[in-house]
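Below is one structure, written out as structure tokens; comments come after it.
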Amino acid sequence: ADHIERIKRTVVACLMGIFVGVLSYYLQISVKGDIGLLAFVLMIAGVVIQRHIFILMHVDTSKLGGKDWFYQGFMTFAFWYMSWTILLSTMTA
């Protein structure tokens, strides 16, 4: 049961990273400027929103330590960076 909960948390982090990466891309298109800082702030907001998603999923967030939140943040960052970079590289092609 604990293993399934970890998988759910990882999937949430990955999907949140992809969602924020796509959102950052569409903001880049609509603003037509450098929105690097705004995109990074959106990614940080995605990490914060995960806590609320976990509450809706009935995951006990009090059991999560600093290492767990670092993992969640890193996974969100990695998927945000990859999805945003891939989408931006298709924009120039």
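Have a look at 57, 82 and point out the one that is touching a Lys or Arg at 6+ places or on another chain (Cβ under 7 Å), loosely packed, with under 15 Cβ neighbours inside 10 Å and closer than 15 Å to residue 13 by Cβ.
Working: 82 fails: touching a Lys or Arg at 6+ places or on another chain (Cβ under 7 Å).
None of the other options fit; the residue is 57.
Residue 3 passes all but one of (1) open to solvent by 30 Å² or more (accessible area, probe 1.4 Å); (2) touching a residue at least 60 places away in the same chain (Cβ under 8 Å); which number fails?
(2)
How many residues are modelled with pLDDT under 95 and surrounded by 15 or more Cβ atoms within 10 Å (Cβ to Cβ) if we restrict to the range 62-75?
Number satisfying all stated conditions: 4.
Looking only at the range 8-30, how many residues end up being open to solvent by 80 Å² or more (accessible area, probe 1.4 Å) and not basic (Lys, Arg)?
Of the residues in the range 8-30, the ones open to solvent by 80 Å² or more (accessible area, probe 1.4 Å) are 8, 15, 19, 26, 30.
Keeping just the survivors that are not basic (Lys, Arg) gives 15, 19, 26, 30.
Adding up the residues that qualify gives 4.
The values are calculated or read from the model by the stated rules, or taken from the named source; none is laboratory data. As the structure is a computational prediction, the values presented were derived from the model and not from experiment. A quick note on method: Cβ atoms are made from the backbone with ideal geometry, for glycine too, and the neighbour counts reach across all protein chains shown. When the accessible area is computed, the model is the full protein with side chains, heavy atoms only, and any ligands, DNA or RNA have been set aside. Shrake-Rupley method; radii C 1.70, N 1.55, O 1.52, S 1.80 Å.
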